[in-house]
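Everything on this sheet refers to the single structure shown next.
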């Protein structure tokens, strides 16, 4: 079973599909599953392989797995199997703890442009766990050894696809940057940034408004220009650092403030800080997980 489970996990990972592995880590009282029982749950909340209990216990685990795949955080949930009213109908008379770990594909960072800023940004993004795509007629494998995909067409070309929720940085230095930015917006990218002067940025914004991008969307920072966090960057390497810092902040929901300042105002969320969830095995009627899932 272990070899089959890891083989299935590797297959899903190679296809770039998100999934979660749920493992029973403790049973108090009686339960249909045993400690060490595992299950793989796909992005639709369906069991692909394994067993952690049937009926509502499975549905509850699948729902928690979907939440883990949504926010990228591991979870430890405790299922109450003693609830005769909202439970599984034939309660096992115990409690079950389940550890849920999501496996997500690498986030995509798309860089339009070449030069020292783009080259350094690609290296930093690779080290930060991104899948890096570079699109520029002057880009070469020697200049971008960390790129997973390299296109010698511009970003606005139909050859280059931008996935929804990708992170896009346009550093073409005025060469069709307005077209690249418009394509990134239309693709529903999570982050769109422009490396350009204030004058050029204003011209790009005017173009976007002229082609129908709502003014309030532009004003609310849909396109980040200048790109990056304010760290006083001056060199190309420092500018690349400020950009990847902003990308990570957007991805992780960070504030961009100094850690000491952020810690003083709020306690950082960590898996250790969060208490375990105690869930009824069936808090409400839930459809069988093999028949329903997240869209």
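Values for this structure:
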item: Selection within the range 71-83 - surrounded by fewer than 22 Cβ atoms within 10 Å (Cβ to Cβ) and either more than 22 Å from the chain's Cα centre (by Cα) or modelled with pLDDT of 90 or more (or both); result: 73, 74, 75, 76, 77, 78, 80, 82, 83
item: Any chance residue 150 is surrounded by fewer than 19 Cβ atoms within 10 Å (Cβ to Cβ) and modelled with pLDDT of 95 or more; result: yes
item: Lone qualifier among 184, 135, 143 - being in the same structural domain as residue 114 (by TED's automatic domain parsing) and more than 23 Å from the chain's Cα centre (by Cα); result: 143
item: Of all residues in the range 193-224 being within 11 Å of residue 177 (Cα to Cα) and part of a loop (DSSP other than H, G, I, E, B), the one that is modelled with the lowest pLDDT; result: 196
item: Hits in the range 107-143 (condition: under 30 Å from residue 6 (Cβ atoms) and either touching a residue at least 40 places away in the same chain (Cβ under 8 Å) or buried (at least 21 other Cβ atoms within 10 Å of the Cβ) (or both)); result: 107, 108, 109, 125, 128, 130, 132, 133
item: Restricting the range 46-57 to residues that are assigned to a loop (DSSP other than H, G, I, E, B) and buried (at least 23 other Cβ atoms within 10 Å of the Cβ), the residue that is farthest from the chain's Cα centre (by Cα); result: 53
item: Top-ranked residue of the range 158-179 - restricted to ones that are farther than 30 Å from residue 253 by Cβ and modelled with pLDDT under 90, ranked as surrounded by the fewest Cβ atoms within 10 Å (Cβ to Cβ); result: 158
item: Checking residue 221 against (1) exposed (fewer than 14 other Cβ atoms within 10 Å of the Cβ); (2) at negative phi, the condition it does not meet; result: (2)
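Residue-by-condition table, conditions (1) more than 27 Å from residue 253 (Cα to Cα); (2) buried (at least 21 other Cβ atoms within 10 Å of the Cβ); (3) at pLDDT 85 or above:
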site: 7; (1), (2), (3): yes, no, yes
site: 20; (1), (2), (3): no, yes, yes
site: 26; (1), (2), (3): yes, no, yes
site: 43; (1), (2), (3): no, no, yes
site: 59; (1), (2), (3): yes, yes, yes
site: 65; (1), (2), (3): no, yes, yes
site: 85; (1), (2), (3): yes, no, no
site: 93; (1), (2), (3): yes, no, no
site: 100; (1), (2), (3): no, yes, yes
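The values are calculated or read from the model by the stated rules, or taken from the named source; none is laboratory data. Not measured: the values here are computed from a predicted model. Neighbour counts are summed over all protein chains in view; Cβ atoms, including those assigned to glycine, are modelled from backbone coordinates with ideal geometry.
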